[in-house]
Amino acid sequence: MGWTRTGMAFHRYSLSFLSPRLSAHPLPRSLSATISSHQMSTDAQSVAARLNSAGFIRSQGFIGGKWTDAYDGKTIEVTNPATGEVITNVSCMGGRETNDAIASAQDAFVSWSKQTAAERSKCLRKWYDLIMAHKEELGQLMTLEQGKPLKEAIGEVSYGASFVEFYAEEAKRIYGDIIPATLPDRRLFVLKQPVGVVGAITPWNFPLAMITRKVAPALACGCTVVIKPSELTPLTALAAAELSIQAGIPPGAVNVVMGNASDIGEALLASPQVRKITFTGSTAVGKKLMAGAASTVKKVSLELGGNAPCIIFDDADLDVALKGTLATKFRNSGQTCVCANRILVQEGIYDKFANAFSNAVSSMKVGDGFGEGVVQGPLINDAAVHKVESFLQDAISKGAKVLIGGKRHSLGMTFFEPTVITDVKSEMLLSREEVFGPIAPLLKFKTEEEAIRMANDTNAGLAAYIFTSSIKRSWRVSEALEYGLVGVNEGLISTEVAPFGGVKQSGLGREGSKYGMDEYLEIKYICLGNMS
Ligand code: NAP
């Protein structure tokens, strides 16, 4: 059951690791930021070296149970966003490899879908056990390629694994139905069957959980999958695929291809064998996939972008509101679809909240995810920093004021200061679109009606949060919010046992919970006639 070494996977990284990064000579003061970034990279490098020698760093795609290079030999770099260093080069695949992965998944579907629910459940349970047994290593891998603080990364491994455990159990509960017949000689049944091969396209911000939230229910139902992780974070996905084989999930049931996103997407959309596309990512790409799925009339589920309002009423418990807002805003450096994007604060508590919130934010430690006490890592890449800067610039030019933060962090790279900004108005970009970064915009409101109107004034409808001590208000406002998820006096609400998904342009379908199973099942009606 041990890991096998990948051999060449570490080539580029090893070279940088061997080169002397820290000079024995004292450096001038002006380079102190560079020194600290080099010290961080040394930490990351030793972690990467350990993971590589333990065989955790895979560089090839995974098709039909075999580790496979891109057919034209092309590779892409996977870099550490905290240091900019190359961790490894992975296969850069496209349409041909995807078609082979689909064919493997189709072959595997024939036998996997025929296994008993108990057999599938055992494999999934074993997969869960292996993920949990390796949660430290998977967490380290995630911090390396995605940047989130190690504690948070290990938390994501447990969260990601929880879907595998939950659906191992749920596999045994796919019940059909018997319908009272309308004619005496008939018997009417409803049978639930797996949809078939599933194409699962996932983003970089949750490199494991967005995969297990799709793949575990798909496998539980008897489907097989072709996963396309983000090219920015394929390593966690590849490690999870390796563990799936070790768990006894048969070759071909789980395939991973990465590289040219639009070619892979087109192959998945064009194939009549792929019966379902499940996607988590941006609304723009989700719309393209939805349109593309029309030509073969596939089932589609979409978990897209949000624009979460976080509403703090005058009657809120300030400590609860502070804790919840910090958690929902700054988790993963503000790079989650359910991060508070607009913090609406009632006028009576506005100043008090703004002060206390800024104080709390100013004490957040920013740094490499492997650093002690770090709660905010880097943003994923330079494009993400540019987006944050342009949204901030837009707000400032329209009258918003920066309370704290507001610029790139002195650590350099893609580190950004946790920022609080006031006097934000609904016409600013920060209010209209997801900033996907560590910017907390505060907006003032007077009445409950006004807060609800402001909160719903968006095309997105994923998560919303309210903080209030009134039970009546919490119910009233929860019902009025046009969102798929509502957190009341709580900023972290995702769990494997509850349905996750959006309304309006935040998506279609639900993931997690018993409802997440329906996405991978077809309902078949069987009528037995002439039974008398
Ligand atoms: P993205 O650019 O849409 O990418 C998501 C995935 O789609 C990646 O694997 C990407 O591949 C792939 N992709 C891009 N273009 C494609 C195409 N033409 N055909 C097929 N696949 C394509 O989104 P992202 O920047 O990675 O993620 C951030 C977004 O995800 C945010 O908007 C966030 O709100 C959303 N999100 C939503 C949820 C939710 O549950 N609702 C959860 C997490 C994130 P490459 O990366 O290889 O280009």
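The numbers here are math on the coordinates, done by the rules we state, and not lab data. On a predicted model such as this, the values are computed, not experimentally measured, just so you know. Cβ sites come from the backbone with ideal geometry, for glycine too, and all protein chains shown count toward neighbours.
Calculate, in nm to one decimal, what SER410 and ALA284 gain on full extension: separation in residues at 0.36 nm each, minus their alpha carbon distance.
Working: separation 126, 0.36 × 126 = 45.36 nm, distance 3.28 nm.
Computed gain between SER410 and ALA284 is 42.1 nm.
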> What residues qualify as long-range amide H neighbours of VAL195, i.e. H under 5 Å apart, gap of 5 or more or another chain, H built at 1.01 Å from N?
Replying inline: LEU521, GLU522
> How long is the gain from ARG50 to THR182 if the chain were fully straight, where each residue apart is worth 0.36 nm and the alpha carbon distance is subtracted?
Replying inline: 40.9 nm
> Using a simple charge model, +1 on the beta-carbon of Lys and Arg, -1 on the beta-carbon of Asp and Glu, nothing else, what dipole does region 54-157 show about its Cα centre, in debye to the nearest 20?
Replying inline: 460 debye
> Got the relative contact order for the chain handy, in percent, Cα pairs under 8 Å and 6 or more residues apart?
Replying inline: 17 percent
> Shape call for the chain from the C-alpha gyration tensor, a ≥ b ≥ c root eigenvalues: rounded (a/c under 1.5), prolate (a/b greater than b/c) or oblate?
Replying inline: oblate
> Among ALA460, CYS223, LEU326, which residue has its Cα positioned farthest towards the positive end of the charge dipole of the chain, with +1 placed on the Cβ of Lys and Arg, -1 on the Cβ of Asp and Glu, and the dipole taken about the Cα centre?
Replying inline: CYS223
> Taking neighbour counts of Cβ atoms within 10 Å as a proxy for exposure, in what order, fewest first, do ILE178, ILE452, ILE396 appear?
Replying inline: ILE178, ILE396, ILE452
> What net charge do the residues around VAL197 carry, taking every other residue with its C-beta under 12 Å from that of VAL197, with Lys and Arg at +1 and Asp and Glu at -1?
Replying inline: +3
> Nearest 20 debye, what's the magnitude of the dipole of region 308-495 about its Cα centre given +1 on Lys and Arg Cβ and -1 on Asp and Glu Cβ?
Replying inline: 160 debye
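Can you give the FRET efficiency for ALA356 and GLU77, using 1/(1 + (r/R0)^6), R0 = 41 Å, r = Cβ-Cβ distance, to the nearest 0.05?
Working: r = 43 Å, r/R0 = 1.04.
After rounding to 0.05, the efficiency reads 0.45.
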> How high is the relative contact order of region 308-495, given as a whole-number percent (alpha carbon pairs under 8 Å, six or more residues apart)?
Replying inline: 30 percent
> What order, most packed first, do the peptides 74-85, 359-370 have when packing is the mean number of other Cβ atoms within 10 Å of each residue?
Replying inline: 74-85, 359-370
>> Counting only other residues whose beta carbon sits under 13 Å from that of SER478, what net charge do I get with K and R as +1, D and E as -1?
In response: -1
> Amide H of ALA181: which non-local residues (sequence gap of 5 or more, or other chain) have their own amide H closer than 5 Å, using H built in the peptide plane?
Replying inline: LEU188
> Which whole-Hz couplings ³J(HN,Hα) result when phi for each residue of region 334-350 is put into the Karplus expression 6.51 cos²θ - 1.76 cosθ + 1.60, θ = phi - 60°, listed in order with x for Gly and Pro?
Replying inline: x, 9, 10, 5, 9, 5, 4, 9, 9, 9, 8, 10, 5, 4, x, 10, 4
> What does the highest-first list of 423-433, 338-348, 245-255 look like by mean Cβ count within 10 Å?
Replying inline: 338-348, 245-255, 423-433
> Of the beta bridges DSSP finds with both residues in the chain, what % are antiparallel, to the nearest 5?
Replying inline: 40 percent
>> Take the residue pairs LYS135/LYS276; LYS122/LYS514; LYS228/LYS288; LYS323/LYS444; LYS135/LYS228 and return only those whose Cα atoms are more than 24 Å apart.
In response: LYS135/LYS276
> Scattering from the C-alpha atoms of region 308-495 alone, worked out with Debye: what is log10 I(q)/I(0) at q = 0.10, 0.16, 0.17 1/Å?
Replying inline: -0.35, -0.93, -1.05
> Excluding same-chain residues fewer than 8 positions from LYS298, which aspartates and glutamates have a Cα within less than 17 Å of its Cα?
Replying inline: GLU266, ASP518, GLU519, GLU522
> To the nearest 20 debye, what charge dipole does the chain have about its Cα centre, counting +1 at the Cβ of each Lys and Arg and -1 at the Cβ of each Asp and Glu?
Replying inline: 640 debye
